[in-house]
Amino acid sequence: MFKFIKSIREDIKVVFERDPAARSTLEVIICYPGFHAVILYRMAHWFWTKKFYLLGRIISHFGRFITGIEIHPGATIGRRFFIDHGMGVIIGETSEIEDNVTIYQGVTLGGKSWKKEKRHPTLGEHVVVGAGTKIIGPCRLGEFSRIGANSVVVKNVPPRSTVVGVPGRIIYSMEGEIHDDVNLEHHLLPDPEEQALLCLIDRVKELEKKIKLLEGDVNKVPSRKILGE
């Protein structure tokens, strides 16, 4: 019981750390569906580990009904887990979420197998998953990774990497660097398609300059020489 109360206190504290809109503890307890979903998950998971599977599923289903967040009681979730807003979040049975992870609304940790095996993702410590992201299959997201909004991730992501797109592509890696903070600015991630277009535009500008220089050189040459006379 003491451990459960301690985890509740941590779950409340983490809301204040990662959501500047939180104003009071009472507000968090009454008005934050992400907090409600995590507390109900921890209750359901306790019953699940004691082999009261049906009761665990009933609590999980009740949590889905009142929060719009579906967390299977068989999932493994660490400390200081934060779901911001949360509507439409789905976390499958064999998902594993380590400490200090943040996910936003519409995120799916889904499976791609009908076998009774590890079929859902694993999220390392301090991972941030942007809104609408789909992470499918038993892939692992390394610690301190950031996944851009609406990405689709189907393979492993190295630690301290930034992933965007469909399918998810690693566009930046900070491997070897240490960052102790949780970076919530997932809306500021680079856009690889925009970068490619900007590179093309710069290349076109260079080619236009070269064409103008060539045209200038041609105009300086006498017309008879141009005609071969």
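Going by amide H atoms built from the backbone, whose H comes under 5 Å of the H on residue 140, apart from near neighbours?
Residues meeting the criterion, in which the H sits 1.01 Å from N, are 122, 156, 157.
Give the Cα extents of the stretch 2-190 along the principal axes, in whole Å, largest first.
44, 42, 26
From the gyration tensor of the Cα coordinates in the stretch 1-58, what semi-axes in whole Å does the equivalent ellipsoid have, largest first, with each one equal to sqrt(5λ)? Show your work: numbers first, answer last.
Values: eigenvalues 127, 28, 12 Å².
Working through the eigenvalues yields semi-axes of 25, 12, 8 Å.
Applying a 10 Å radius around every beta-carbon, put 15-23, 204-212 in order of their mean neighbour count, most first. Write down the numbers at each step before the final one.
Details: 15-23: 14.2, 204-212: 10.0.
Per-residue Cβ counts within 10 Å, averaged per peptide and sorted highest first, yield 15-23, 204-212.
Can you give the net charge of the other residues whose Cβ lies under 12 Å from the Cβ of residue 90, counting K and R as +1 and D and E as -1? Before the final figure, lay out each step's value.
Working: positive: 64, 134; negative: 70, 93.
So the environment of residue 90 carries a net charge of 0.
Determine the gain in length on full extension of the stretch residue 46-residue 3; use 0.36 nm per residue of separation and subtract their C-alpha separation, reporting nm with one decimal.
Values: separation 43, 0.36 × 43 = 15.48 nm, distance 1.18 nm.
In short, 14.3 nm is gained.
Rank by packing, highest mean first: peptides 138-148, 87-97, with packing defined as the count of other Cβ atoms within 10 Å averaged across residues.
Working: 138-148: 22.5, 87-97: 20.0.
Per-residue Cβ counts within 10 Å, averaged per peptide and sorted highest first, yield 138-148, 87-97.
Assigning unit charges at the beta carbon (Lys, Arg +1; Asp, Glu -1) and nothing else, what dipole magnitude in debye, to the nearest 20, does the stretch 1-160 show about its Cα centre? Display every interim value, and only then the final one.
Numbers: 23 positive and 14 negative charges, 102 e Å.
So the magnitude is around 500 debye.
Give the calculated FRET efficiency between residue 206 and residue 24 to the nearest 0.05, with a Förster radius of 45 Å applied to their Cβ-Cβ distance.
Working: r = 57 Å, r/R0 = 1.28.
Efficiency computed from Cβ-Cβ geometry: 0.20.
With a point put 7 Å past each Cα toward its Cβ, work out how far residue 152 is from residue 215 in nm, to one decimal.
According to this spin-label approximation, the distance is 4.5 nm.
All of the numbers you see were taken from the coordinates with simple rules; none came from a lab. This is a predicted model, so every value here is computed, not measured. In this analysis, Cβ positions are derived from the backbone assuming ideal geometry, glycine residues included, and neighbour counts consider all displayed protein chains.
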